[in-house]
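Heads up: the structure comes next, in structure tokens.
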Amino acid sequence: MSFREDGHAAVDWVFDYLERVGELPVLAQVEPGDVRRSLPESPPERAESFADVLRDLDDLLLPGITHWQHPRFFAYFATTASEPGILAELLAAALNAVAFIWRTSPASTELEAVTLDWLAQLLGLPSGWHGHIEDTASTSTIAALAAARETTGGRVVVCSEQAHSSVDKAARLLGLELRKTPVDDALRLQPEALDLSDAAAVVATVGTTSTAAVDPVPAIADACEAAGVWLHVDAAYAGSAWVCPELRDSQAGVERADSLVVNPHKWLFVPMDCSAFWSRRPEALRQAFSLVPEYLRTSDEAESLSDYGPALGRRFRSLKLWAVLRCFGREGLQARIREHVRLAELFEGWVCDADGWELGAPRGFSLVCFRRDAPDEANEALLERVNRTGEVFLSHTKLEGRYVLRLAIGNARTTEADVRRVWEILQREAREV
């Protein structure tokens with residue numbers, strides 16, 4: 001077959017997959033090692049056709065896929081690779097731009113600046129911040145803390161007990177001490193408990209992973225300014241909600257942050273990976289990361305985004321963000337996020353109204369934490385039974401030592417019928433436990 005025919009076959013495969021993904025088991029129905037055992041131990045001696053690749057994708061790999069595109073994927077933070085983003089990924093792969101410096105990919109470099117400016121406008125962020133794209137919030141956090149270390153000379157990173165584990169990992173990689181701060185009854189960092197001695201940075205979270213709690217950023221900003229400490233805001237999940245003006249209460253104080261991360265691949269329908277990183281102190285990032293070897297020196301009077309983060313080679317990630325922003329528009333993004341919040345409110349109401357069920361924490365955005373009014377072992381068994389059905393996929397956390405189930409709505413294909421179905425399955429399986 002020709003490249004054109006193979007390309008058509010691949011796009012047809014994607015179309016058919018997205019049409020039927022809701023009929024597949026959400027959670028991969030395999031045991032560890034099953035996929036590897038199904039594959040040859042050695043590479044092929046002779047060339048094989050792309051049709052063979054698609055065949056084995058169906059027969060060997062698809063059974064081992066946990067379907068993040070499934071409308072009843074409610075674990076972690078649900079994501080969507082939307083159709084414009086998928087097609088843009090294909091185009092980016094075809095162009096294969098490697099943006100070391102401006103000269104090696106002017107369009108990639110400049111489109112990245114434009115799309116981050118567009119996104120900042122959509123989210124209501126301050127104008128004039130420097131933005132670029134990293135792969136994930138983990139890398140964005142490393143970039144922020146490296147700049148903080150360089151700028152302040154501090155050796156400690158401070159965050160709440162509910163902060164994401166990427167803060168722990170970044171501190172370890174950068175040789176910084178990690179200091180955890182207690183949280184209040186709403187699982188928010190207690191600013192009065194901050195110890196900023198020798199601190200390089202405080203990481204405040206808007207939308208924590210376990211419960212989507214919002215740290216009190218204004219009070220944290222006060223403390224950071226008084227102590228000369230860098231403030232990094234992790235809004236990887238919840239920041240996307242700011243596209244809706246009525247959901248911007250959680251944005252209070254963010255304009256005073258030194259850096260901010262929001263992941264469009266979480267709740268803005270951009271395929272993995274795409275992490276938007278902004279800073280009002282780009283010179284600090286340049287100080288931490290700019291290193292230009294002789295073979296990359298040019299006379300171009302232009303910005304190179306590799307000067308602002310850990311990576312030298314950079315994919316054309318802005319193309320998929322640009323495509324999604326254009327093909328959805330502000331109204332399309334708002335409509336989907338508002339619907340996800342509505343569905344979470346609906347599910348929250350069912351939990352509150354049902355005997356024997358309780359909330360594990362206040363609902364945050366489109367995340368509901370809940371549990372049976374029963375021992376932890378029963379809730380853990382319930383989660384295993386529900387996920388084993390293949391119809392839905394939920395995850396869990398522990399809050400104040402108690403086992404709590406999480407339902408996170410964020411897939412663009414999720415409907416009210418999907419949310420009703422997960423509630424029916426939960427009630428049914430709870431009776432068996």
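Heavy-atom accessible surface of segment 273-410, averaged per residue, reaches 45 Å², computed with a 1.4 Å probe.
Rolling a 1.4 angstrom probe over segment 1-131 with all protein chains present gives an accessible area of which 59% lies on carbon and sulfur atoms. Cα extents for the chain along the principal axes, largest to smallest and rounded to whole angstrom: 62, 62, 44. The shape of segment 243-373 comes out prolate: with a ≥ b ≥ c from the C-alpha gyration tensor, a/c is at least 1.5 and a/b beats b/c. Look at the alpha carbon pairs under 8 Å that are at least 6 residues apart: their mean separation over the length of segment 154-304 gives a relative contact order of 17 percent. Note that segment 31-138 presents 55 Å² accessible area per residue, ligands and nucleic acids not counted, probe 1.4 Å. When both segment 123-188 and segment 22-63 are represented by their alpha-carbon centers, they are found 38 Å apart. Which shape class applies to segment 134-184: rounded if a/c is under 1.5, otherwise prolate when a/b exceeds b/c and oblate if not, where a ≥ b ≥ c are the square roots of the Cα gyration tensor eigenvalues? Oblate, because a/c is 1.5 or more while a/b does not exceed b/c.
A cut-off under 15 angstrom between Cβ atoms defines the neighbours of ARG315, and their net charge, with Lys, Arg +1 and Asp, Glu -1, is -2.
Distance between the pseudo-spin-label points of ARG402 and ASP249 (7 Å out from Cα toward the beta carbon): 2.3 nm. Mean sequence separation of contacting Cα pairs (under 8 Å, at least six apart), scaled by the length of the chain, corresponds to a relative contact order of 22 percent.
Among DSSP beta bridges whose residues both lie in the chain, state the antiparallel percentage, nearest 5. Here the antiparallel bridges make up roughly 55 percent for the chain. For segment 299-433, the alpha-carbon coordinates run over 70, 33, 28 Å along the three principal axes, in decreasing order.
Sorting 47-60, 208-221 by average packing, meaning the other beta carbons within 10 Å per residue, from highest down gives 208-221, 47-60.
Each pair of Cα atoms in segment 170-291 enters the Kirkwood radius, and Stokes-Einstein at 37 °C and 0.692 mPa s then converts it into a translational diffusion coefficient of 215 µm²/s. Within the accessible surface of segment 304-433, defined with a 1.4 Å probe on protein heavy atoms only, the carbon and sulfur portion equals 44 percent.
Segment 269-340 and segment 364-432 have Cα centres spaced 35 Å apart.
In nm, give the distance between the simple-model label positions of ALA311 and LEU61, each being 7 Å from the Cα along the Cα-to-Cβ direction. Result for the modelled spin labels: 2.0 nm. Given a 1.4 Å probe and every protein chain left where it sits, what share in percent of the accessible area of segment 153-279 is carbon and sulfur? So the carbon and sulfur contribution to the accessible surface is 48 percent. Net charge near VAL392: determine it from the other residues with C-beta under 14 Å of the C-beta of VAL392, scoring Lys and Arg +1 and Asp and Glu -1. Neighbour charge sum, excluding VAL392 itself: +2. For a test of the definition: using alpha carbon positions, the gyration tensor, and the 1.5 limit on a/c, classify segment 24-73 as rounded, prolate or oblate. Because a/c hits 1.5 or more and a/b fails to exceed b/c, segment 24-73 counts as oblate.
The values are calculated or read from the model by the stated rules, or taken from the named source; none is laboratory data. Please read all numbers here as calculations on a predicted model, not as lab measurements. Glycine gets a Cβ as well: all are built from the backbone with ideal geometry, and neighbour counts include every protein chain shown. We work out accessible area using only protein heavy atoms, side chains counted, and drop any ligands, DNA or RNA first. Shrake-Rupley method; radii C 1.70, N 1.55, O 1.52, S 1.80 Å.
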